[in-house]
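Below is one structure, written out as structure tokens, with a few remarks after it.
The values are calculated or read from the model by the stated rules, or taken from the named source; none is laboratory data. As the structure is a prediction and not an experimental result, all values here were calculated from the model. Reconstructed Cβ throughout: ideal geometry from the backbone, glycine too, with neighbour counts over all protein chains shown.
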């Protein structure tokens, strides 16, 4: 009968913030993990060429790899000093096994090395600092506006609010540095209308800066919906959205550090939360720190977890092992303990039921498609109709599945349909 | 692979696709919400229509659940009949616990006059569940609102029973003559005053005689669930607060009726609070299965219901048009969904196809 119980609770139509106390508390720093695993590939098809060998001593901040074509060679650095244990394939948080450099700490706590002076200035400095931006696009000079997504879509993440509240001056300084380096006339920072505190903090940090404009948006935007955000903010049709470039807010303090202190990008703030974490907090973790160590640092027991997620509770990637590392693109960790996961323990009411067309998915959908209808088409293999109804407009934010009272895995059905080869946009066009 | 991860073996982690959180809501919650919202309506029904209406509602719900259970047992291949009760509550495909039959049965009882024989709402519920819902494939697949389907069925089959109305129940004389013999359950049959509904009075005499306060509180003749606008508004407010229904259908429905009736020179307040309009707008038209899923579609649905209601009330032979208007718009729901959910999207989809 447990399915009736939520009747008496306030059922949220948007996920409640579960990042809890991490929201505006100062971040803690996690200096010296015992091991770091630095993946030599963060996005598919862009591997770093490794420059170290096993059993070599490396210092924190030492360059260990480079990737990309000649003018834009992006560096990756050792985030702690120690001895390279191996260069082997390891699971990465993207869900694939990639070649990774495993460095074992010798117990020394050292500040990272500065970037050598011959690295140059401007974009070259940022490349040598290892900040993964879209350099070819930014340097081409066609960019007219820089967009920063300052909203936090995921309920369990608090990195961006933390950055604007606590490190607003660094964020602004980093953004200003980017504007100068790439000679871009202006920048827009999108902030959630429901978080006026961030706007105040940003305005205080801005001072008299005119090129950076805060703008309030109606709802938080998932990373996958940023193109839509550009259309909404810049008013799409005239192509101004096409001349916008995105910058991840969490990289901006690193940009500032690189320009100001010639510091490499070896640590980033992440939010650690979830039911397996007694002390949810924002943590400045070294790149490559295994999730298990991060969770242990936050008071959680990695052995008690039942599910470990890189990123948000709505769009993150579920991990098969706790030995995956924090990467430059890891916004946070969600560690969950769920009870009664076994099939025998499952309530009859928490199984998938028939769709009653209650339209909750339609009301919540940020891109205004009809997830229930498209999922029904996909299940009946009527993919042409599904595409016509906006299958590829879906930004995979997961809200439809979150609210579905029939517990239909809508996001999963749509994702599966989108991954079909015959439906790929290219296949239909040719 | 001599990495530290092999040295100790933690719990196996569950790997699944996002999202990893749900808001815990189930279909049962939605149905149970309707029950909570119907509590004031049930109370008003007992106060206005007398204690006999308790019996009507109980029997109607019982018949609905029994019909649902029997039909699902027949539909389930290899159903084991012996541990009957246990199977009913736990079998995967026999889902009487989803609460939809409970709701349908209650709404059928709301839609009968207080003076019908006890078997009438039972027959109505059985028809609602069998011909109104299960024949289309069960929950989520029916075209028409089952309760209104049953109401029109009863109206066609037993018009005399379905159109004999009573004045509000006289509790003072009831307490005076109370004796706990079963016959007093139908005390109305002995000395009840037959009466017409306010809409019927207006249809025949062309003038509106009922005071507004009586209309609002429900001190009038009518079906047992539809008399008290106050109770229905309380229930509707609860449904809106819980998010079980959205504002689109009730607001546009009531608004259209108000605007249309004043256009025809009628009294909009009278039209809003008389007949089954309130019950229809908050409990019937908002039935999620048979109303459109797009927001724009729900607005169109509400406006259409309002227009048809006023047209039937003003120019039709019947005094009341709520049930027919909702049924007609139910039939239009697939069309509304088709034409409100997609012109922009089709363009977007085409663009995303061309883009790469």
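Inside region B:282-325, residues that are within 16 Å of residue B:144 (Cβ to Cβ) and part of a helix (DSSP H, G or I) make up a count of 10.
Conditions (1) within 14 Å of chain B (Cβ to nearest Cβ); (2) surrounded by 14 or more Cβ atoms within 10 Å (Cβ to Cβ), marked per residue:
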position: A:86; (1), (2): yes, yes
position: A:94; (1), (2): yes, yes
position: A:97; (1), (2): yes, no
position: A:140; (1), (2): no, no
position: A:143; (1), (2): no, yes
position: A:154; (1), (2): yes, yes
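Taken together, B:103, B:112 contain a single residue that is out of contact with any strand residue (DSSP E or B) (no Cβ under 7 Å at 6 or more places or on another chain), in a loop (DSSP other than H, G, I, E, B) and either crowded, with 24+ Cβ neighbours inside 10 Å or at pLDDT 90 or above (or both), which is B:112. If the condition is being at the interface with chain B (Cβ under 7 Å from one of its Cβ atoms) and out of contact with any helix residue (DSSP H, G or I) (no Cβ under 6 Å at 6 or more places or on another chain), then region A:389-405 contributes only A:402. Selection over region A:1-45 of residues that are at pLDDT below 75, more than 12 Å from chain B (Cβ to nearest Cβ) and not in a loop (DSSP other than H, G, I, E, B) gives a count of 3. Which one is modelled with the lowest pLDDT among residues in region A:323-349 that are within 11 Å of another protein chain (Cβ to nearest Cβ) and closer than 16 Å to residue A:286 by Cα? Among them, the one singled out is A:323.
When A:264, A:223 are screened for being under 30 Å from residue A:63 (Cα atoms) and within 14 Å of another protein chain (Cβ to nearest Cβ), only A:223 passes. Filtering region A:369-422 down to residues that are in a loop (DSSP other than H, G, I, E, B) and without any contact (Cβ under 8 Å) to a residue 12 or more places away in the chain, which residue is nearest to residue B:140 (Cα to Cα)? Checking each candidate, the answer is A:380. The criterion of at least 1 residues that are at pLDDT below 85 is met by the following helices (runs of 4 or more DSSP H) wholly inside region A:145-256: A:226-234. Against the criterion of being modelled with pLDDT under 90, in a loop (DSSP other than H, G, I, E, B) and surrounded by fewer than 16 Cβ atoms within 10 Å (Cβ to Cβ), residue A:61 does not qualify.
With a cut-off of at least 1 residues that are surrounded by fewer than 21 Cβ atoms within 10 Å (Cβ to Cβ) and at pLDDT below 80, name the helices (runs of 4 or more DSSP H) lying wholly within region B:124-198.
Values: elements: B:146-157, B:159-162, B:171-176, B:187-191.
Passing ranges, in order: B:171-176, B:187-191.
Scanning region B:242-260 for residues that are more than 15 Å from residue B:38 (Cβ to Cβ) and within 14 Å of another protein chain (Cβ to nearest Cβ) returns B:243, B:246, B:247, B:248, B:249. The condition of being modelled with pLDDT under 90, surrounded by fewer than 16 Cβ atoms within 10 Å (Cβ to Cβ) and within 14 Å of chain A (Cβ to nearest Cβ) holds for only one of B:39, B:89, B:13, that being B:89.
Report whether or not residue B:265 is surrounded by fewer than 18 Cβ atoms within 10 Å (Cβ to Cβ) and more than 24 Å from residue B:108 (Cα to Cα). In short, yes. The test for being within 10 Å of chain B (Cβ to nearest Cβ), touching a helix residue (DSSP H, G or I) at 6+ places or on another chain (Cβ under 6 Å), under 26 Å from residue B:139 (Cβ atoms) and touching a residue at least 24 places away in the same chain (Cβ under 8 Å) holds for residue A:360.
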